[in-house]
1. Hey, any hits in the range A:285-294 for a residue that's surrounded by fewer than 20 Cβ atoms within 10 Å (Cβ to Cβ), at pLDDT below 95 and more than 14 Å from chain C (Cβ to nearest Cβ)?
2. Out of C:Leu13, C:Leu5, which single residue is closer than 30 Å to B:Leu313 by Cα, in a loop (DSSP other than H, G, I, E, B) and either without any contact (Cβ under 8 Å) to a residue 12 or more places away in the chain or within 14 Å of chain B (Cβ to nearest Cβ) (or both)?
3. Suppose we filter D:Tyr25, D:Tyr31 for residues that are farther than 18 Å from D:Phe63 by Cα, part of a helix (DSSP H, G or I), hydroxyl-bearing (Ser, Thr, Tyr) and touching a Pro at 6+ places or on another chain (Cβ under 8 Å); which single one remains?
4. Given (1) crowded, with 21+ Cβ neighbours inside 10 Å; (2) of a type in the set (Lys, Arg); (3) modelled with pLDDT of 95 or more, where does C:Arg234 come up short, assuming only one miss?
5. Go through the range D:370-394 and give me each residue that's over 18 Å from D:Leu255 (Cα atoms) and within 14 Å of chain A (Cβ to nearest Cβ).
6. What is the residue count in the range B:218-231 for residues that are within 14 Å of another protein chain (Cβ to nearest Cβ), surrounded by fewer than 20 Cβ atoms within 10 Å (Cβ to Cβ) and either of a type in the set (S, T, N, Q) or on the phi > 0 side of the Ramachandran plot (or both)?
7. Does the range D:285-307 hold any residues that are of a type in the set (Ser, Thr, Tyr) and in a strand (DSSP E or B), and which are they?
8. Test D:Thr169 against the stated conditions and say whether it is in contact (Cβ under 8 Å) with a residue 12 or more places away in the chain and either crowded, with 23+ Cβ neighbours inside 10 Å or charged (D, E, K, R) (or both).
4 protein chains.
Amino acid sequence: MSFELTERARAYLPRLEAFMAAEVYPAEDVYTRQLDELGRRGVPPVMEELKARAKKAGLWNLFLPDATLAAGLHNLDYAPLCEVMGRSPIAPEVFNCNAPDTGNMELLWKYGTDLQKETWLKPLLAGEIRSAFCMTEPDVASSDATNVRSTIRRDGDHYVINGRKWWTTNAGHPDCRILIFMGKTDANAPVHQQQSQILIPMDTPGVEIVRRLPLFGFDDAPHGHCEMQFTDVRVPAENLILGEGRGFEIAQGRLGPGRIHHCMRQIGAAERALELMCRRMRARSAFGKSLADQGTLRDEVAQSRMEIEQARLLVLKAAWMMDKVGAKGARAEIAMIKVVVPNMAARVIDRAMQVHGAGGFSEFGLAYQWAWARALRMADGPDAVHAETVAKMELRKYN
Amino acid sequence: MSFELTERARAYLPRLEAFMAAEVYPAEDVYTRQLDELGRRGVPPVMEELKARAKKAGLWNLFLPDATLAAGLHNLDYAPLCEVMGRSPIAPEVFNCNAPDTGNMELLWKYGTDLQKETWLKPLLAGEIRSAFCMTEPDVASSDATNVRSTIRRDGDHYVINGRKWWTTNAGHPDCRILIFMGKTDANAPVHQQQSQILIPMDTPGVEIVRRLPLFGFDDAPHGHCEMQFTDVRVPAENLILGEGRGFEIAQGRLGPGRIHHCMRQIGAAERALELMCRRMRARSAFGKSLADQGTLRDEVAQSRMEIEQARLLVLKAAWMMDKVGAKGARAEIAMIKVVVPNMAARVIDRAMQVHGAGGFSEFGLAYQWAWARALRMADGPDAVHAETVAKMELRKYN
Amino acid sequence: MSFELTERARAYLPRLEAFMAAEVYPAEDVYTRQLDELGRRGVPPVMEELKARAKKAGLWNLFLPDATLAAGLHNLDYAPLCEVMGRSPIAPEVFNCNAPDTGNMELLWKYGTDLQKETWLKPLLAGEIRSAFCMTEPDVASSDATNVRSTIRRDGDHYVINGRKWWTTNAGHPDCRILIFMGKTDANAPVHQQQSQILIPMDTPGVEIVRRLPLFGFDDAPHGHCEMQFTDVRVPAENLILGEGRGFEIAQGRLGPGRIHHCMRQIGAAERALELMCRRMRARSAFGKSLADQGTLRDEVAQSRMEIEQARLLVLKAAWMMDKVGAKGARAEIAMIKVVVPNMAARVIDRAMQVHGAGGFSEFGLAYQWAWARALRMADGPDAVHAETVAKMELRKYN
Amino acid sequence: MSFELTERARAYLPRLEAFMAAEVYPAEDVYTRQLDELGRRGVPPVMEELKARAKKAGLWNLFLPDATLAAGLHNLDYAPLCEVMGRSPIAPEVFNCNAPDTGNMELLWKYGTDLQKETWLKPLLAGEIRSAFCMTEPDVASSDATNVRSTIRRDGDHYVINGRKWWTTNAGHPDCRILIFMGKTDANAPVHQQQSQILIPMDTPGVEIVRRLPLFGFDDAPHGHCEMQFTDVRVPAENLILGEGRGFEIAQGRLGPGRIHHCMRQIGAAERALELMCRRMRARSAFGKSLADQGTLRDEVAQSRMEIEQARLLVLKAAWMMDKVGAKGARAEIAMIKVVVPNMAARVIDRAMQVHGAGGFSEFGLAYQWAWARALRMADGPDAVHAETVAKMELRKYN
């Protein structure tokens, strides 16, 4: 097992860190201010400026392991870069490396037809449009994908889609143009072949954003987590991805890298929180003593460092295995990091919040990062489902 | 030690529960909708209707141990009632039992002059106006009250107030008329006699709401947690409470009951979350199995029940001691519940959220209740400060 | 709910505490030394001396709620006394209040015939003989009592017993004269009526102690936890308790008080550990600082105090309910304390050990008390079984 | 960062595993039986047989990074081998890789004179004699090495040693011939130059084993953890190691590898416990359900797997850094694993115990492995001291 990066990947790291320091961190407050000024519904201009600069700096599409279309880095190479991006909530989009667009781009890259790629992958890779992935439904436990109830019915040269989805992230973004939708094409097929995935342009009649769901109290503007109604939505049959009944297979293929990227970013979020915590401890005193000299806080710093180190190594191992034996071979490791990392990040950020006093709940970006870490204990499968995967594989050794 | 309630208190309980079931729970969604319709800046009409009905039903001011002005219940008697109110975020205000108004009313009742009572306590008890308590400051660790830096300077028949406060809850409420402000009257006095408290009518020139602070993204409208600037705010000298240098003493007197009420309500919040969790488990299935049959979730139900039971008993003991030996004698117990209860509530609510899937972060009121439990690990003193109080008293036994 | 003790119970407490201070604590080392001198197989003489003095002091059989035969205290009254005894591993036996003898005495008192009482209960109450309870078997998960496989076969005027038991505490005691044995009389009866309980005098042919089981290396001499073989053991039919098929019912009746007594003692064990911890912290320095000034240790003191307080209140509630509505009505509360208390005690004692350095593992009695707390997470039913009881009763509320 | 092993190390692994399976695991019960038969004071013959076979198989002294004297493996290479040995409590000695002998051999190899090496290192490497390290003292907090109070006084061509030590592991072994002793040569020197280390042959007059300390109730025979009295013990001046005042420096040099080896072995102990747990779950049923189907136990299997994976990776990183930048450069990582790994192992083993029912406390080797994991939270420095090291280094980044 080796976590050595390729020379190319190593070269990216200092450039990315320099860009973060010079451009991204200073823009965080600007972004928030602009977003507020836009009534939290438009795209803050600073984001488009940053994207342009990142593209020009060659720090663009680092996530895609295709050397023609993008940086062509493998998972292990991408891990430290993705971690650095995870330090700022606005960074991933700056580098066109934000969820769910990355997962959607990978999906199109892997499973899309040439036409689908030309029409949707190309502008996505260019950062010109945004996309969303419609899977979770309000009425069923969607952690079990076989519960998905929406329908995709063939009708001549078209498919007609009906159903209700929620927590469709990005659908609220002004530039969101394309949805990847999961639903049932055949309720009578074997359980894992009932689902299909299909492309729905955002402006298709019958597509409706019902409301934006708050995450804790955060609106996650402008991307939003939307509840959506699909009523007799009609799209050409060629919009189907890979073929009828292959929705489950595609979901699996999409979620592997998606989960690992989330985890890489969470390492970065935890690192940033720990840095904020240490700086705060150095800067504040209470009861006549620097916070940096309070034993319980020092212990929390140590625990945080130990938890981050362990979690990062496990993410690297998962990335190394993804590269080596593919998502299927790395299934246990991906399940593990999906449980370990968001829980770890939430704990680390929580400690950092507490050290910041009441301001920890409103300032410094900590509460938002915490909420996001907490949400990832649910998104792409709740803890319990991934832990069960780990348990099953462990117990199988002793059949 | 006896947790037997008086007959009067026992009589209140079913009436309160019936009112909650008939009036309050059904109004929760109405309240939210009306608040949104008001642009989250006005008072939802349903709140004033509920207050009128509660008053009429004799379920009003149950918190105040003064039989002339209010229900006259002691802490132990009030505990189960306060718990029931804590089940709904909108309930305490319905019964005029919400923080920080209760704490402020108690403060005026205990330490106010007749004039101060007539002017401010009376309309507060009538539920006609709201109040806020200005203590925490952004620039210092306010968990150590001696750090408070704002100034209250005597100038003839007046005091002139300058400083910056934040997390001033209720100051954003349209009916907030009066602020209780803590600041230094004498920086050269012994450390615990430097502070004083003074009444500042909301409309006094120089009082400014700078912004409303989000709590995990929640705006807590209409009450708000405000950052406030006080610039040469001038009030009559008679607005001073109790006397110069007695601010610390008042703060102590205010915080005892304040903390215990918070904890009582948190027990109710945890109970409601557990109820929601159990109901959800009965209603949902995943992977071919009712959630109510999933072993790990059942274990979480059991852990939650055990944690709630223990925490409630400790709250009752603290209340019993408050009644028996006063806030000072109950100091260790109050410190204990202040650490134990919000942590417990946050854990229980977190489990309930997870069982609700992604909706746990946006629907069912769970995310908000969690945020509030989390905030209480900081408000009125962070965990670490109260734990230190407990440690000090324990170690002192072996001097 | 009232935890007020009767005047009689209140009178016992200072007398018991005085006896502990004057007689029991100073005898702990003596007991260990004498036991070692006896090759860990005889009864240390100091124990018989202490028993005689306790009897004379009227501190005897405090556990039995029968005012004719014993102190006649109810559970709530007994709780603080039992807690105090739990502070020393040798104390319960001094007052004839040690497990499993107390459980066995209660069983005989409740379910025994006059002859059984005369023959066995009388000398047990006098502290002249010891007894054991044979339930757990090595080959099955005995947490589920229906798994018990040993057989009790009727043969004319006798029963013939065969089977293997282990973790039979007290069987190794030189004065152990009587065993209460659980086994199947009818494998074809409904599941909860297959088991019976029967009295087996220790000297009956076919009764064999195979070996003594160590508990984390401790031999628990002289009582021992024995693995026992029963081969064609023949006893008169009149030795059967209550009737064929009632073994399960008796087990339930025995375990209620047994569990609550264990928990009361664990509170005492935790209190003693916390006291040792605090004293040690005051006495030692490291890195130029008194341990009493180390923040993390102070926090552990506080956490321990908070955990003990909560657990004790829950035990009191369970005792109050046992007195009020019986073991069945208090089923949830007993299940709760059975999970909560030993876990709490193990945590508190573990912290105390760590503060004592390497000596914490060998001196001060801490390692032994820890082992015993840990064992109680299994004895009389593992955590998981009791938690499941709590979960079942909680979820049932929402059927 | 690469965890790739050299080809030589990779070749050892299957051979070691085969030897464990064929020779060591089957001998565990034999060893215990023979030890009991010897009254727990002699060396079980099976151990000498196994040592001979291991030597012959070339699985000998794998720990020492010296290719002339031993296998010459670096830390990273040794890690997986050491882990495998850690699976059995008797294995490390079989391969001459047991603490504290390995640490003592390394110390002599690094700091010993030619004469010291010839006299003591040679027979130690041959497995002919055993050794002990005398550091911890009963009267002071020895976690702070500057507290050590024993004296080493120069007297002509000799040194005279006085003091009391305890927890001197191995001193009870019949073949223990040599002690490495830490004490003060100059109480007036700067704090870190007061201590020296000196070789004391076991048979020197004035060396006395006062008693053997139990670890929990385990006697750890035949090696023992001894309390020792040193009274006017006189040894030649040439027995001093490295020079006066260099005891602290030597201790640091010794503890680095010592700690990492302990941690490697603990990973193995945890793996074995998890294997036992899974096998038990497959083999047992309770309440009509295989333990392997109980959700909470499955979750514990998953948690255990996730914790082991993370801890192992951190150990590998520490080993890799030791090889790359030395013990000083790897200081933070060594401190981290010293906290993380024994805590993890104790948790994993504790879960395995609970699944084994009461037998978990006496059979299967689990209770012993747990006790050892617990002891390692203290040995070579308590958790708190290592966590403080991590905190200090983390906070230093933000000076």
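The values are calculated or read from the model by the stated rules, or taken from the named source; none is laboratory data. Predicted model only: the values in this text are computed from it and were never measured. Counting neighbours? That spans all protein chains shown, and the Cβs are built from the backbone with ideal geometry, glycine included.
1. yes
2. C:Leu5
3. After ruling out the rest, the residue left standing is D:Tyr31.
4. If we test C:Arg234 against (1) crowded, with 21+ Cβ neighbours inside 10 Å; (2) of a type in the set (Lys, Arg); (3) modelled with pLDDT of 95 or more, just (1) comes out false.
5. Across the range D:370-394, the qualifying residues are D:Ala391, D:Lys392, D:Met393, D:Glu394.
6. Of the residues in that region, 0 qualify.
7. Result: D:Ser285, D:Ser290.
8. Spelling it out, D:Thr169 is indeed in contact (Cβ under 8 Å) with a residue 12 or more places away in the chain and either crowded, with 23+ Cβ neighbours inside 10 Å or charged (D, E, K, R) (or both).
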